[in-house]
Amino acid sequence: MRIADCGLQSGRGSVAVCLITVVATLVPSLIAATDPPPFKLETYRGHVVFLNDALAKRFGITTVPEAADRSLALQTADGTLVPIVEDVRGRAFRVDERLRKPEVEILVRKYQGLPAVQVIRLFEVTKEGKQELDYWCDICAIPMVELKPCECCQGETILRRRKVEE
């Protein structure tokens with residue numbers, strides 16, 4: 001952009017004004033560039049495992065001791081490891097070992113450019129069909145996504161299974 005295009009005479013002040021005009025024009029596009037990348041909803045089925053155990057068994061990769069019970073992954077029937085983001089839903093698998101035992105189906109957000117997935121819903125797969133899993137407070141009737149005291153009354157919560165009609 002030329003100084004004349006800004007309608008100003010040449011000089012330091014006019015250059016600064018012209019520069020501010022250019023920056024102000026670019027800022028909205030820079031802000032838009034910080035939007036999170038798009039995601040797709042996907043479903044995976046398998047068993048949730050500690051990633052370090054699966055890496056050792058499948059590939060012979062040894063991790064450092066402090067990583068032993070940190071990273072989680074879903075191991076599919078064909079052995080594919082799908083890393084799980086540890087937000088409150090992902091943390092539930094680490095906190096409650098009962099969630100690592102059964103075959104599960106997880107509905108996830110799969111972000112472009114990110115190998116890990118973010119769990120949205122959790123189902124246990126049984127011979128009788130699918131059951132949605134969450135935690136429940138009988139006193140407050142509040143569902144939660146991880147094992148902890150009730151967010152309302154601080155009372156005990158239970159692992160709840162609800163049959164899913166398919």
Hits in region 120-155: amide N under 20 Å from the 7 Å Cα→Cβ extension of E103, namely 121-134
Which of the lysines could a cross-linker bridge to K127, judged by Cα under 22 Å and excluding same-chain residues fewer than eight apart?
K101, K163
Positive end of the dipole of region 94-166, charges at C-beta (+1 Lys, Arg; -1 Asp, Glu), about the Cα centre: which of G129, V117, A141 has its Cα farthest in that direction?
V117
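Values in this text are rule-based calculations from the coordinates and carry no lab data. Everything quoted here is computed from the prediction, not taken from an experiment. For neighbour counting, all protein chains shown are included, and Cβ atoms are generated from backbone atoms with ideal geometry for every residue, glycine included.
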